[in-house]
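Here the structure comes first, spelled out in structure tokens, and everything after it is commentary.
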Amino acid sequence: MLEKMFKLKENGTSVKTEIIAGLTTFMTMAYIIALNPNLLTNFGAEGTALWNGVFMATCIASAVGMFVMAFAANKPFAMAPGMGLNSFFAVVVTNIVVLTGMSYVASFQAALCIILVEGLVFLVLSVLNVREKIVEAIPLGVRLGIAPAIGLMLMNIGVGSNAGIYSENGGPFYAMRDFFGALTPSVAQSGMGSGYSAMVLTVVTMFIGLFVIVILAKKGIKAAVIIGMLAASIVYWAGEFLFLKVNPFASLSGASFIPPFKDMAETTLFKFNFAGFAQIGWFTVITLIVTFCIIDMFDTIGTLVGTASRAGMLDKEGRMPRMKQALMADAVGTVVGSATGTSTVTTFIESASGVEAGGRTGLTALTTGIVFLACMFLAPIAAIIPAAATSSALIYVGVLMITGLKNINFDDICQSVPVALMLIAMPVSGSIGHAIGIGLIAYTVIKLFTGKAKEVSVLTYILSVIFLVKFFLVA
């Protein structure tokens, strides 16, 4: 049944490999289950009920998006509320509070209307193949540069900002900036205070996990990533117990495994505040919708193209089969997210970890989606996966994706300059969409002023202008 449904043999994979890949993807992105409600509710400051509602919405909307990805597109990509977009959503909610005088919850429910409209717009654009045409309008050289740029971004997340440490001296402190960035360990220790010991444990765990993954992968073991993450987790838990004198499983003793359906029903489930939405002002509303659409569209396109490129799913023209259906998945996920209570759902770059574990079909996405649903009951268990362990996987996958640079013709300045700008813009800005926009603008300008304007498609010109407006005119 699974063979017929997902065409496993045709894609050179098996049920075992796909399930392992799905679990690998989940472990690298499990952080979003708790982090998303934290970000959208000011780390619980807006009340337990709203936090629980967003938590449930995160699990449900992510799972639905992945189910669509699995059955409609048969691709191994995972979905969840996008990082960056959720922070932007939280800022929008706060601004609505100031603008209208409504409570945070009422403003949150008004902002969900924006996400609903965005999702519906994406559904229409996907059905009409507009989003697929936009993918095709991205020049091949820029498309080939997306995967390596995502690789640098993953490495930056893994080494730079995934595992933040707090102490009496503040924080968060990060490995690359505050540990490796210090001139000497003594300087780092004085700056981080009591957090220094946790930082050392984090760095040791990160590299042990990375080397375990690399060694196992070199030996041809397909489960290398998930085994490496488990090994790193064990090292971190042992370090917490032996050196930090902390019980890594203490949170499980008083944890509740009963999903808070009641809180979701009271705060976020179909709680669209259209009256509050109307108070925002139409110009502001349109600006916000366009901004969400642009960021989400190119984040999703970039992740799909970049990860598919690494998995060998693109044809000679850099196109991915069933792209339309894959793009439909995030549109459906976003609509469901607005109805259940979370910000825009998009394709996660952590999907690359599952692809590297051998995931090639929708069974990988289905596996990840099922585990996300299970997390409504098992969230406390998912929460104890240390960030340092996921960093190991992100760094490894990032290194592999950087190898895509060999496909770039660096003798052609029309390719080399846009790609170089993307390589620096993506990890620095933290936005796949913004990096693609910079690459498109660079490509268009170079072609335009070197006598090759006719080689640029009309849609590429339009996209470049849209990004220019976004960067300089839209706050």
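The values are calculated or read from the model by the stated rules, or taken from the named source; none is laboratory data. What you see is a predicted model, and the numbers here were worked out from it, not measured in a lab. Backbone-built Cβ (ideal geometry, glycine too); neighbour counts: all protein chains shown.
Would you point out which residue out of L120, L128, L99 is within 23 Å of the chain's Cα centre (by Cα), surrounded by fewer than 17 Cβ atoms within 10 Å (Cβ to Cβ) and farther than 29 Å from V399 by Cα?
Result: L120 is the single residue among L120, L128, L99 that is within 23 Å of the chain's Cα centre (by Cα), surrounded by fewer than 17 Cβ atoms within 10 Å (Cβ to Cβ) and farther than 29 Å from V399 by Cα.
Does I381 satisfy being surrounded by fewer than 24 Cβ atoms within 10 Å (Cβ to Cβ) and in a helix (DSSP H, G or I)?
Criteria met by I381.
Can you find a residue that is farther than 26 Å from A217 by Cβ, touching a helix residue (DSSP H, G or I) at 6+ places or on another chain (Cβ under 6 Å) and of a type in the set (F, W, Y) anywhere in segment 408-418?
yes
Taking segment 1-28 on its own, how many of its residues are among the small types (G, A, S) and assigned to a helix (DSSP H, G or I)?
Matching residues across segment 1-28 total 2.
Determine if segment 252-267 includes at least one residue that is in a loop (DSSP other than H, G, I, E, B), of a type in the set (A, V, I, L, M) and exposed (fewer than 13 other Cβ atoms within 10 Å of the Cβ).
Yes, some residue in segment 252-267 is in a loop (DSSP other than H, G, I, E, B), of a type in the set (A, V, I, L, M) and exposed (fewer than 13 other Cβ atoms within 10 Å of the Cβ).
Of all residues in segment 203-225, which are in a helix (DSSP H, G or I) and surrounded by fewer than 19 Cβ atoms within 10 Å (Cβ to Cβ)?
Correct list: V203, V204, F207, F211, V214, I215, L216, K218.
Picking from S87, S62, which residue would you name as being touching a strand residue (DSSP E or B) at 6+ places or on another chain (Cβ under 8 Å), in a helix (DSSP H, G or I), closer than 26 Å to K262 by Cα and not basic (K, R)?
S62
Give segment 91-110 a look and list any residue that's touching a residue at least 60 places away in the same chain (Cβ under 8 Å) and hydrophobic (A, V, I, L, M, F, W, C), or say none.
Listed by number, the residues that qualify are V92, I96, L99, M102, V105, A106, F108, A110.
Could you tell me how many of the residues in segment 223-255 are more than 28 Å from S351 (Cβ to Cβ) and not small (G, A, S)?
Looking only at that region, the number is 10.
Quick one: which of K324, K316 is charged (D, E, K, R) and modelled with pLDDT of 90 or more?
After ruling out the rest, the residue left standing is K324.
Might you check whether a residue that is closer than 30 Å to A357 by Cβ and part of a helix (DSSP H, G or I) occurs anywhere in segment 406-417?
Yes, some residue in segment 406-417 is closer than 30 Å to A357 by Cβ and part of a helix (DSSP H, G or I).
Answer yes if at least one residue in segment 354-371 is within 24 Å of T390 (Cα to Cα), modelled with pLDDT under 90 and within 17 Å of the chain's Cα centre (by Cα), and no otherwise.
Looking for residues that are within 24 Å of T390 (Cα to Cα), modelled with pLDDT under 90 and within 17 Å of the chain's Cα centre (by Cα), one finds at least one in segment 354-371, hence yes.
I'd like to know if segment 107-117 contains one or more residues that are in contact with a Phe, Trp or Tyr (Cβ under 7 Å, 6 or more places away or on another chain), at negative phi and part of a strand (DSSP E or B).
The answer is no; no qualifying residue exists.
Could you please find all residues in segment 189-202 being over 24 Å from the mean Cα position of the chain (by Cα) and surrounded by 21 or more Cβ atoms within 10 Å (Cβ to Cβ)?
Result: M192, G195, Y196, A198, M199, L201.
Quickly run through segment 44-96 and pick out the residues that are charged (D, E, K, R) and crowded, with 24+ Cβ neighbours inside 10 Å.
Matches in segment 44-96: K75 only.
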